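Input: a single structure, listed below in structure tokens.
Every read-out reported here was derived from the displayed coordinates using simple, explicitly stated rules and does not represent laboratory data. Note that this is a predicted model, so its numbers are computed, not measured. When we count neighbours, we look across all protein chains shown, and the Cβ atoms used for this are built from the backbone with ideal geometry, even at glycine.
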């Protein structure tokens, strides 16, 4: 209904990403970022989409941009988790997840269903984190 509604583009990007249509997902994530004037969540999920599409360098570039921004403004810890998990850098992802858990970052609410965390699900540390968060089995 409104082609300038950033969240609609983000939802469409998520749908494309779930279907492994990464080119389309990345384009929609980029539209969401432009329309939202750089919303940090949209930037992070673009980084995750790059990682899941095998575009590691672009994912790392976004990760570094978020780290630089975190020196000037608040960047939720959970955003780093999404990218590291999508890069399948498990130790880094778990370090950031633990920090997000300690900070009670709201990204932790999607831990059971965000597909970005799929590479971590079989790791005992993931199961321990779910247990500590009191998620039902």
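Projecting label points 7 angstrom from Cα along Cα→Cβ for residue 112 and residue 135 puts them 0.7 nm apart. Arranged from fewest to most other beta-carbon atoms within 10 Å of their beta carbon, 122, 86 become 122, 86. Shape summary: the chain maps onto an equivalent ellipsoid whose semi-axes, from the alpha-carbon gyration tensor, are 24, 17, 15 Å in decreasing order. Applying 1/(1 + (r/R0)^6) with r as the Cβ-Cβ distance of residue 68 and residue 102 and R0 = 22 angstrom yields a FRET efficiency of 0.45.
The residues 52, 125, 104, when put in order of fewest to most other Cβ atoms within 10 Å, stand as 104, 125, 52.
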